[in-house]
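Have a look at the structure below, then the notes.
The values are calculated or read from the model by the stated rules, or taken from the named source; none is laboratory data. This one's a predicted model, so the numbers in the text were calculated from it and none came from an experiment. Ideal geometry is used to build each Cβ from the backbone, glycine not excepted, and the neighbour counts take in all protein chains shown. All accessible areas refer to the heavy atoms of the entire protein, side chains included, with ligands and DNA or RNA removed. Shrake-Rupley method; radii C 1.70, N 1.55, O 1.52, S 1.80 Å.
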Amino acid sequence: LAASTGFASWASNLVEAARRTMKPQLKKRIEGTKAADLSEEELLRVGEALAIEQSFLRVVFQRAASASHSAMEKLWVGYEQFEKSLGNPQAAQKVLGEHMPRYIRGKNAHKTLHQLQNGLDQLAIAVPLSARNVQQQGKLMDKWRAILQFERSNPLRLGRPDLQARVTLAYQQASLACAYHAELWHDFADWLDLGGQRDEATLCLRRAIERFLPDDLTLRLLLAQHYEQRELPPTPASLEAADEVYEKLLEEVPKPCPLALINYLAYVRRQHGAAEFRAAFLEAADSSPHCAWEVYAFVAQTEYHIFGDLDIATKVYKLGLERYGELEPALQASFINFLVGCNDLKGARAELARGVLDRLQAGVRDRLASRSDPKSEEALSFLWQKWCRFERYFGDAASIRRCTSF
């Protein structure tokens with residue numbers, strides 16, 4: 001919009017200057033009509049009077065006649081008149097022929113955009129998503145997604161700086177109507193990153209979180225990653241900014257959120273090493289409401305795959321089983337898969353048998369007490385089926401019979 005306003009002001013100034021320099025008779029005729037119909041000779045005289053370089057006018061015409069807008073045909077006619085008015089028909093034909101493909105691409109792009117924008121509410125204002133408007137907002141986002149994908153495909157074959165500016169403007173326009181869609185901000189930041197505008201991408205994410213989506217976990221994790229990777233190697237300032245984002249995230253995100261804690265621990269391990277990682281985990285296990293069973297599984301896997309310590313990984317799993325073993329059969333299944341991956345089939349078999357037996361005994365106690373626990377029954381069925389699969393893949397006939405006898 002600012003560029004269009006500047007161009008209009010520049011053109012208005014040119015017209016006023018032309019009026020002051022023309023002959024009185026021509027000036028009077030123009031002022032007495034609504035529009036000026038200049039001949040080629042008069043156009044040349046205007047250019048000479050204003051001391052406008054022909055190369056500059058050619059660039060302006062070419063840029064305007066190759067963009068994607070509704071006035072392209074009229075601008076192309078004006079551009080043809082300009083080239084032909086220079087007095088060299090052969091050169092004019094050559095220049096027009098060279099520029100014609102850009103004009104055709106602009107016309108085609110405008111036609112496609114017009115089709116994509118069909119039915120799009122241009123005056124829509126972003127509103128928070130709710131059960132009542134989620135379907136309507138989804139359709140609106142689908143419209144803008146198609147437009148943005150088309151713009152990113154560079155149908156006008158623009159240079160990188162022009163393409164970056166054009167697509168950025170399209171994202172800004174889309175945000176007026178779809179600001180509460182996290183997908184839009186994620187893609188916008190990704191586009192700015194691809195264009196080498198990391199600071200702008202970080203600012204984009206921060207504004208999206210502060211103004212529209214303060215509880216969106218993905219955007220907040222992405223913002224922390226941007227601060228961490230702002231400079232390579234990271235500086236104390238960038239790490240301090242990332243620390244602040246993670247601390248605010250763990251304080252403000254709805255509890256429990258093990259994924260937030262897992263990402264924070266991974267960040268500590270990357271930037272501060274094994275000692276800080278283990279200290280942060282022990283502190284979280286003692287006091288953090290986000291320390292669910294998934295965190296124990298992640299830390300154990302990190303200890304084994306990153307630090308190569310099987311003993312510590314096993315101890316972490318057992319700590320988690322002491323805390324969540326009866327409540328979360330998925331943690332026990334994760335431990336069993338871990339043991340199988342470490343080629344400890346004996347330990348995996350023992351863990352499966354223990355898990356099935358413990359839940360079978362709990363089920364017997366519940367039946368004797370005339371009560372029912374659906375979760376315990378589901379856990380028993382889950383672990384027993386896993387035990388049967390384990391023996392079928394890695395056991396012998398005797399072990400399969402022993403498993404099925406349960």
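First check a/c for region 303-402, with a ≥ b ≥ c the square roots of the eigenvalues of its C-alpha gyration tensor; if it is under 1.5, answer rounded, and if not, answer prolate when a/b is larger than b/c or oblate otherwise.
Taking the square roots of the gyration eigenvalues as a ≥ b ≥ c, region 303-402 is oblate.
Which whole number in µm²/s is D for region 230-297 by Stokes-Einstein, with the Kirkwood Rh taken over Cα pairs at 37 °C and 0.692 mPa s?
My calculation gives 264 µm²/s for D.
Relative contact order (percent) for the chain, with alpha-carbon contacts under 8 angstrom and 6 or more residues of separation?
So the answer I get is 6 percent.
Got a sec? Charge dipole of the chain, +1 on Cβ for Lys and Arg, -1 for Asp and Glu; which of Leu96, Leu232, His272 is way out at the positive end?
Of the options given, the answer is Leu96.
Using +1 at the Cβ of each Lys and Arg and -1 at the Cβ of each Asp and Glu in the chain, identify which of Leu321, His186, Pro289 lies farthest towards the dipole's positive end.
His186
Summing Lys, Arg as +1 and Asp, Glu as -1, what charge do residues with Cβ under 14 Å from the Cβ of Val134 carry, Val134 excluded?
Its environment carries a net charge of 0.
With labels modelled as points extended 7 Å from the Cα through the Cβ direction, what inter-label distance (nm, one decimal) is found for Leu282 paired with Arg198?
3.4 nm
Hey, got the dipole for the chain? About the Cα centre, +1 on K and R Cβ, -1 on D and E Cβ, debye to the nearest 20? Before the final figure, lay out the partial values.
Working: 52 positive and 52 negative charges, 308 e Å.
In total the dipole reaches around 1480 debye.
How much length, in nm to one decimal, is gained on full extension between Gln90 and His114, taken as 0.36 nm per residue of separation minus their Cα-Cα distance?
So the extension gain works out to 5.1 nm.
Hey, what does the equivalent ellipsoid look like for region 78-121, semi-axes from the Cα gyration tensor as sqrt of 5 times each eigenvalue, largest first, whole Å?
Semi-axes (√(5λ), whole Å): 32, 10, 4.
If I model a spin label as a point 7 Å beyond the Cα along the Cα-Cβ vector, how far apart are those points for Cys342 and Arg402 in nm?
Result: 2.1 nm between the two label points.
Between the alpha-carbon centers of region 80-128 and region 144-175, tell me the distance in whole angstrom.
With region 80-128 and region 144-175 each reduced to a Cα centre, they are spaced 16 Å.
Which of these values of mean projected area of the Cα convex hull in nm² was calculated from the structure shown: (1) 19.8; (2) 32.2; (3) 25.0?
(2)
As an exercise, use a Förster radius of 60 Å and the Cβ-Cβ distance of Arg58 and Ala274 to find the FRET efficiency, rounded to the nearest 0.05.
Efficiency, rounded to the nearest 0.05: 0.40.
Beyond 27 Å between alpha-carbons counts as too far, so tell me which of Lys74/Lys143; Lys255/Lys375; Lys143/Lys255 fall in that bin. Display every interim value, and only then the final one.
Working: Lys74/Lys143 29 Å; Lys255/Lys375 22 Å; Lys143/Lys255 35 Å.
As for pairs spanning more than 27 Å Cα to Cα, those are Lys74/Lys143; Lys143/Lys255.
Write down, largest first, the equivalent ellipsoid semi-axes of region 116-256 in whole Å, where each equals the square root of 5 times an eigenvalue of the alpha-carbon gyration tensor.
Largest first, region 116-256 gives 28, 22, 9 Å.
Suppose only helical runs count, i.e. DSSP H with n ≥ 4. What mean residue ellipticity at 222 nm does that imply for the chain under -39500 (n - 2.57) per run, divided by all residues and rounded to the nearest 500 deg cm²/dmol?
So the helix-based figure for the chain works out to -25000 deg cm²/dmol.
Rounded to the nearest 0.05, what FRET efficiency do Arg211 and Arg105 have when you use their Cβ-Cβ distance and R0 = 45 Å?
Efficiency for this residue pair is about 0.80.
Taking the Cα centre of region 266-325 as the origin, how large is its charge dipole in debye, to the nearest 20, when only Lys and Arg (+1) and Asp and Glu (-1) carry charge on their Cβ atoms?
80 debye
Note the angle between two axes, namely the Cα long axis of helix 310-324 and the longest principal axis of the Cα atoms of the chain, as a number of degrees from 0 to 90, rounded to the nearest 10.
Helix 310-324 sits at roughly 80 degrees to that axis.
Given just the C-alpha atoms of region 145-206, how large is their convex hull per residue in cubic angstrom?
Output value, Cα hull per residue: 72 Å³.
Under a plain spin-label model, where a point goes 7 Å from the Cα along Cα-to-Cβ, how far apart in nm are Asp311 and Arg392?
3.8 nm
With a probe of 1.4 Å, find how much accessible area region 39-190 has per residue, and write the answer as a whole number in Å².
Each residue of region 39-190 exposes 60 Å² on average to a 1.4 Å probe.
Roughly speaking, to the nearest percent, how much of region 155-276's 1.4 Å accessible area is carbon and sulfur?
The computed percentage sits at 51.
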